[in-house]
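Below is one structure, written out as C-alpha cells, with a few remarks after it.
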Amino acid sequence: MLKGFERISLQPGETKTVSFKLGFDELNILNQQMKKVVEPGTFTISVGASSQEKDLHKVTLRVK
C-alpha cells in the first residue's frame, strides 16, 4: 500500500534528506470488528526512483 508518497527531483550527485511519519494512521488496518488497529507483524518500507524492484531500497519495521 502506498503511504507517505512525495516526489522530489535531484541533480546528478545531489542529495536531499526526506522525512515522513510512520505512526498509527499510516500502519493501521480494519479488524473483523471494523476497528482500526495496528497488528503485530513486519512492515517493509521501500524508497526508490520507481516501484521496480531494482530501483528500491528497503528496510523492515517490526511491530510487537
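The values are calculated or read from the model by the stated rules, or taken from the named source; none is laboratory data. This one's a predicted model, so the numbers in the text were calculated from it and none came from an experiment. Cβ: placed from backbone, ideal geometry, glycine included. Neighbour counts: every protein chain shown. We work out accessible area using only protein heavy atoms, side chains counted, and drop any ligands, DNA or RNA first. Shrake-Rupley method; radii C 1.70, N 1.55, O 1.52, S 1.80 Å.
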Q | Among (1) assigned to a strand (DSSP E or B); (2) open to solvent by less than 100 Å² (accessible area, probe 1.4 Å) - the single one ILE8 does not satisfy | A | (1)
Q) Looking at LYS35, LYS21, LYS3, which is the one that is more than 11 Å from the chain's Cα centre (by Cα) and open to solvent by 60 Å² or more (accessible area, probe 1.4 Å)? A) LYS35
Q: Among what's in region 38-53 and is within 14 Å of GLU6 (Cβ to Cβ) and either among the β-branched types (Val, Ile, Thr) or in a loop (DSSP other than H, G, I, E, B) (or both), pick the residue that is most open to solvent (accessible area, probe 1.4 Å).
A: ALA49
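Kindly indicate whether GLU6 is modelled with pLDDT under 90 and among the acidic types (Asp, Glu). Give the derivation first.
On the way: modelled with pLDDT under 90: yes; among the acidic types (Asp, Glu): yes.
So GLU6 passes the test.
Residues checked against (1) among the charged types (D, E, K, R); (2) within 21 Å of LYS64 (Cβ to Cβ):
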| residue | (1), (2) |
| --- | --- |
| PRO12 | no, no |
| LYS16 | yes, no |
| SER19 | no, no |
| GLY23 | no, yes |
| LEU27 | no, yes |
| ASN31 | no, yes |
| VAL38 | no, yes |
| GLY41 | no, yes |
